[in-house]
Every structure is written in structure tokens, then in C-alpha cells.
Amino acid sequence: MEKIAIVKIESQNIKLSLIDVAPNGYYNLFDEVVENVKIGASIEQSGLIKPNIISEALTVLKLFRKICDANNVYKISCVAESFIRVAKNQKSFFDEIYNNTGFNFYLYNSEEEIKVVYKGITNLIDVSKAVGVYVAPNQTHIMQFNRRTIVNLQTIDYGYLNLSDKYADILDPEQKADKMVKDIEFALKNNELINSIEPETTFIGAGVVFENLGKLSRKVSKYPLSIENNYIVTAESFNAVYEITKSLDLDKTKKIKGISEDRADTIASGFAIVKAIMESCKMPNLSVCNNAFDEGVIVQALPVDGNERVMPIDMLSASLESIRTFYDRELSNTANVYNLAIMLFKQLKVIHKLPRAYIKPLRIAASMYNCGTRISFDNYENNSFEIIVNSKIAGASQKEILLAAFACKAQNLENLTLAEWMRYKDILTDEDLDAVRKLGVLIKLACAMDKSRMGNITDITCDILGDSIIMKTIVKADASFDIIQAQKCMPDFKKVFKKVLQVI
């Protein structure tokens, strides 16, 4: 296992990320330190990085060097966002950093920054054709991509920082918001990319503006999940958030829970940009991509063989394999249970009658069927729920992740209570409840079929005879113990599928 560090200079922060990288190229963020240093604001005011800001940055970076040394991290990637390019003393700033810390920073240009964001999006959200919007401090990038290739790109010279500063003298928040929206709408007028967008296009928003929008949208709509990535903001939800925030003055904006006070004035400018783009593109909704820039930077910092590994065609498989790499215990039988669960789903299609929409939830739940044992073996099926909904799972919708968590919980049918299910009534349906019960029993049966953890059962064939199912196992060694354990699942199987199970 290799350790790497990433030091990143952002407009308002300096961030240290510590990452474990496995030999197979999968990675896991195990620690992060973020310190507030307002370099961007300093440049906006004077065109220079001021001496007091340079001093603050050096203090933070010296501390980061000590943390890296204490954790035996010697491969360190140092990058800075493109906003620093406008600073007249950028070269002396980076020279002073290098002389004091040994950190050699790479300064992105605008084009490279877009590619980093794009790489982050395509590692976090499974979509082959979409329009991505990234609101940076001083620019907004709109990218159209298809099959992992950017086919069109437009940049607007307004970001959440410079747009806010342009109207800093206007005290009335609603008047300010209206003027900012009109500025962006004018910049988008006759825009080639905007005018070429087809109906039913998928829209993805990346960057701190959309992350803040997701947080507020979930709060306003009382959304029951705290998952940030791939959260869908509808036009109706956005308008509700926009109408609330556009009338707030700076002091009230600072009091919004979950939103940073460092530049609370940029909330209004960021949302004004989103407002103009959503209306110009006639967006019905958009998906929030969380930490797209950070994800892209991490991917670039990985070894070459790892870079190929983390951008697979099947994003969900890679995401689950990464989780298993770092959290499965020695001699794990997760792969055996996963394969058996998929076999059972296919063999019993005639009786479970579940559509393909439930395959991803099954894959997630089967791959993480015993993740609750990390907390406690006692009722680990119940513990698994919180782990799954709080895991970083890419390539699946939030509903699919929630269904997987319930399916894992349903390995013990007594865990499914109507009171808990009703918490998610705006996301899930009655059909989903029937489905997770069936998926839970299939996973429980798959687990029982490998109770010896030796992979003795390699295949299954099923004969459906009236009210009975005879399940014939194909084995590579004596599987009598596993078959006995599987037969113990008969009561739950009969309760859910209304069939008597016989395993031979």
C-alpha cells in the first residue's frame, strides 16, 4: 500500500489530502486538513498576493510538510487553481514556498482546470452523454461531452467571486440578484452550445456553488438522505432555494447552517449564475457532482496504471471493488456471495418478476452484504444500512443506493419496519418495499450457500414445480454444510416468494 499526499491551493483555502493507494490502483482518502487562507480575495483587491497572506500560506504549508513527514508520505503532488495566474507576484510567491517547504507547485491554466473537473465528473457520475457546468471563482465553464470526450466547451468570464465583487456596492439583495442574472443571461445570448442542447439532456453541476445548492435544496425539501453526490435538484426545488436566498442580506446568509461564512456573499452570485443557465437551457433538473475538482486532482496524482484503473466502463464495479479493497477483511468471501446472489437473481427471475432496475441495488447490497460487521457482528444486517448510505459509491443513483441499504437490512426481515420505510416515502414506492424484501432473502440465501467461506458451490440450476422450487447445486468440493445452511432459509423464502424451497 502506497501513501500519497495532495496539497492544493484554492481561492479561499489551502487543502492537504492524504490518500492510500492499493497496488491495483484503487485509492482511499484517509485524512484531510483544510485551512482558510483568502488568497483569491487578496488578488482581487490589489492584483497582488499581499505579504500577510503569503505569511499565512507559508505557516500552513510548513505545517502540512510536518504532517506529511509524520505520516511517512513522500510522494506529494502540489497544485494551484488558475485564479493565481492574474497575481503579479505569483512567481515570487511559489519560489518562497519552495524555499521554505520544498513544495513545488504546478499552476493550472483554465483549460487544464476544466479537464480536471471533467475527469472528476466522469469518475463520480455514471453518464456517457451530458452537459456539465462548473462555476469557478472568476469563470463559468459549460462543457458538453459524449462517451468520455468533451465535444463542445464554452466559457463565460463571470464566476461566483468576480460577479459578487462587481455588484458589491448594491445593498439591496434582490436588486443585486436581478442585475447579476441579467448579466449572465446577456453573456449566454446567442451562445452556440446553449442553443444546440437537445431536449432531455442530462445536466451535471460541479463546484462549490452546486454543492451549496444541493445542501440547501435537501434542507428546504426535507430530503431524508445526507448523500451529496448525484443528488438531483429539480427546477422547482432550485427556484424555492433561490427565492429564499435572493432576499437575504449578508448577515442572514452567514447564519445558514452548513454554508461557509468565509464568502457568504458569493452564495447569491453563484445562484444567480445557476438561475440564468437553468432558464437559458430550460433545465428540468440537474445532478450535483460533489468534489469533482478534488476527485480529478486525485486521479491525476495516481500512478499511471492506477489512472487506467479508475476510469472503467463499469463505474459501479470499480467503486465497489475499491470499497472491498480497503474494507474487506482477510479471507473475505464477498466475491463468492456476490456471484451466488447474481446467479439466484437470474435463475429465479420467473418467480421474483423484478425488472432490471433492481440489478444495481442487488449488486451493491451483495458486494457489501456484511459491511455492518465493521461496527458489530450482532445484527450486522441492520448496521449495514448506515454504512451503505454513507459510503462513497459511484455509478449508482441515490435511490439505488438507498434500495441497496434496505436490501442489506432485509437479510433479517424483522429489521424492516414500516416507520423507518415511511421516512423515505418521497423516494421509495410500495413496489420497492416488495423488491427489497425479495433481494434481502436472495442475499441471505447466497450468504448461506457460502457459509463455509470456501466457495464450494460454483453454480445453481432451479426447477420450479408448482408451489415448490428444487435448487440443484453444482459443487467443486463437499458442500453439504453449505446446503444445510441454505435450507435453513426456507421459512423466509416461503414468506416472501410463496414457494417451498428445497436445496440439494
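The values are calculated or read from the model by the stated rules, or taken from the named source; none is laboratory data. All figures in this text were calculated on a predicted structure; none of them were measured in a lab. Neighbour counts run over all protein chains shown; Cβ positions are idealised from the backbone, glycine included. Note: areas computed on protein heavy atoms with side chains; ligands, DNA, RNA excluded. Shrake-Rupley method; radii C 1.70, N 1.55, O 1.52, S 1.80 Å.
Filter the stretch 282-299 down to the residues that are part of a strand (DSSP E or B) and open to solvent by 10 Å² or more (accessible area, probe 1.4 Å), then identify the one that is modelled with the lowest pLDDT.
So the first thing to find is which residues in the stretch 282-299 are part of a strand (DSSP E or B), and the list is 285-289.
Adding the requirement that they be open to solvent by 10 Å² or more (accessible area, probe 1.4 Å) leaves 285, 287.
On the way: ASN285: 93, SER287: 96.
Only one residue tops the list, namely ASN285.
Could you please give the count of residues in the stretch 76-102 that are among the aromatic types (Phe, Trp, Tyr) and open to solvent by 60 Å² or more (accessible area, probe 1.4 Å)?
Matching residues across the stretch 76-102 total 1.
Restricting to the stretch 113-129, what's the tally of residues that are free of Cβ contacts under 8 Å to residues at least 60 places away in the same chain and open to solvent by 50 Å² or more (accessible area, probe 1.4 Å)?
Qualifying residue count, the stretch 113-129: 1.
Is it the case that the stretch 4-21 has a residue that's more than 23 Å from GLN300 (Cβ to Cβ) and modelled with pLDDT under 95?
At the first step, the residues of the stretch 4-21 found to be more than 23 Å from GLN300 (Cβ to Cβ) are none.
Within the stretch 4-21, none of the residues are more than 23 Å from GLN300 (Cβ to Cβ) and modelled with pLDDT under 95.
For the stretch 461-504, which positions are farther than 20 Å from GLN411 by Cβ, open to solvent by 80 Å² or more (accessible area, probe 1.4 Å) and either charged (D, E, K, R) or in contact with a Gly (Cβ under 8 Å, 6 or more places away or on another chain) (or both)?
Across the stretch 461-504, the qualifying residues are ASP467, LYS472, LYS476, ASP478.
So for the stretch 420-435 (the condition being in contact with a Pro (Cβ under 6 Å, 6 or more places away or on another chain) and in contact (Cβ under 8 Å) with a residue 24 or more places away in the chain), does at least one residue qualify?
Scanning the stretch 420-435 turns up at least one residue that is in contact with a Pro (Cβ under 6 Å, 6 or more places away or on another chain) and in contact (Cβ under 8 Å) with a residue 24 or more places away in the chain.
State which residue is farthest from ALA268 (Cα to Cα) when the search covers only the stretch 130-147 and only residues that are open to solvent by 30 Å² or more (accessible area, probe 1.4 Å) and of a type in the set (S, T, N, Q).
Here the answer is ASN146.
If LYS8 satisfies every condition in (1) of a type outside the set (Gly, Ala, Ser); (2) open to solvent by 20 Å² or more (accessible area, probe 1.4 Å); (3) under 26 Å from the mean Cα position of the chain (by Cα); (4) closer than 26 Å to ASP157 by Cα but one, which is the exception?
(2)
Check whether at least one residue in the stretch 123-139 is of a type in the set (Ser, Thr, Tyr) and closer than 28 Å to ILE156 by Cβ, and report yes or no.
yes
Please specify each residue of the stretch 148-192 satisfying the condition of being open to solvent by 70 Å² or more (accessible area, probe 1.4 Å), assigned to a helix (DSSP H, G or I) and hydrophobic (A, V, I, L, M, F, W, C).
Across the stretch 148-192, the qualifying residue is only PHE186.
Restricting to the stretch 193-220, count the residues that are open to solvent by 60 Å² or more (accessible area, probe 1.4 Å) and either part of a helix (DSSP H, G or I) or acidic (Asp, Glu) (or both).
Filtering the stretch 193-220 down to residues open to solvent by 60 Å² or more (accessible area, probe 1.4 Å) leaves 195, 198-200, 208, 215, 219-220.
Add one more test, that the residue is either part of a helix (DSSP H, G or I) or acidic (Asp, Glu) (or both), and what stays is 195, 198, 200, 208, 215, 219-220.
The number of residues fulfilling the criteria is 7.
Of VAL475, VAL496, VAL500, which residue is in contact with a Ser or Thr (Cβ under 9 Å, 6 or more places away or on another chain) and over 20 Å from ASN339 (Cα atoms)?
Selected residue: VAL500, the only one of VAL475, VAL496, VAL500 that is in contact with a Ser or Thr (Cβ under 9 Å, 6 or more places away or on another chain) and over 20 Å from ASN339 (Cα atoms).
Given the criterion within 19 Å of the chain's Cα centre (by Cα), among the aromatic types (Phe, Trp, Tyr), in a helix (DSSP H, G or I) and surrounded by 21 or more Cβ atoms within 10 Å (Cβ to Cβ), identify the matching residue among PHE385, PHE406, PHE345.
Sole residue among the options that is within 19 Å of the chain's Cα centre (by Cα), among the aromatic types (Phe, Trp, Tyr), in a helix (DSSP H, G or I) and surrounded by 21 or more Cβ atoms within 10 Å (Cβ to Cβ): PHE385.
Scan the stretch 444-451 and tell me whether some residue there is of a type in the set (A, V, I, L, M) and within 28 Å of the chain's Cα centre (by Cα).
So far as the stretch 444-451 goes, no, none of its residues is of a type in the set (A, V, I, L, M) and within 28 Å of the chain's Cα centre (by Cα).
Give the stretch 357-411 a look and list any residue that's farther than 30 Å from VAL233 by Cβ and touching an Asp or Glu at 6+ places or on another chain (Cβ under 7 Å), or say none.
Passing the criteria: GLY372, GLN411.
Across the stretch 300-322, which residue is most open to solvent (accessible area, probe 1.4 Å) among those that are over 20 Å from VAL21 (Cβ atoms) and modelled with pLDDT under 90?
ILE313
Checking ARG453 against (1) of a type outside the set (Ser, Thr, Tyr); (2) assigned to a helix (DSSP H, G or I); (3) surrounded by fewer than 19 Cβ atoms within 10 Å (Cβ to Cβ), which test does it fail?
So ARG453 meets the others, but not (2).
Report yes if ILE277 is at pLDDT 90 or above, open to solvent by less than 10 Å² (accessible area, probe 1.4 Å) and more than 26 Å from ASN36 (Cβ to Cβ), otherwise no.
Answer is yes for this residue.
ILE393 is checked against (1) open to solvent by 50 Å² or more (accessible area, probe 1.4 Å); (2) closer than 29 Å to LEU29 by Cα and fails just one. What number does that condition carry?
(1)
Of the residues ILE470, ILE464, ILE474, ILE460, which is assigned to a strand (DSSP E or B), in contact with a Cys (Cβ under 9 Å, 6 or more places away or on another chain) and touching a residue at least 12 places away in the same chain (Cβ under 8 Å)?
ILE470
Which ones in the stretch 53-71 are at pLDDT 95 or above, open to solvent by 60 Å² or more (accessible area, probe 1.4 Å) and either at positive phi or not charged (D, E, K, R) (or both)?
Residues satisfying the conditions are SER55, THR59, LEU63.
Could you tell me whether the stretch 356-373 includes any residue that is open to solvent by 60 Å² or more (accessible area, probe 1.4 Å) and under 21 Å from TYR27 (Cα atoms)?
Within the stretch 356-373, none of the residues are open to solvent by 60 Å² or more (accessible area, probe 1.4 Å) and under 21 Å from TYR27 (Cα atoms).
Go through the residues of the stretch 39-50 one by one and say whether even a single one is touching a residue at least 24 places away in the same chain (Cβ under 8 Å), of a type in the set (Gly, Ala, Ser) and open to solvent by 10 Å² or more (accessible area, probe 1.4 Å).
The answer is yes; a qualifying residue exists.
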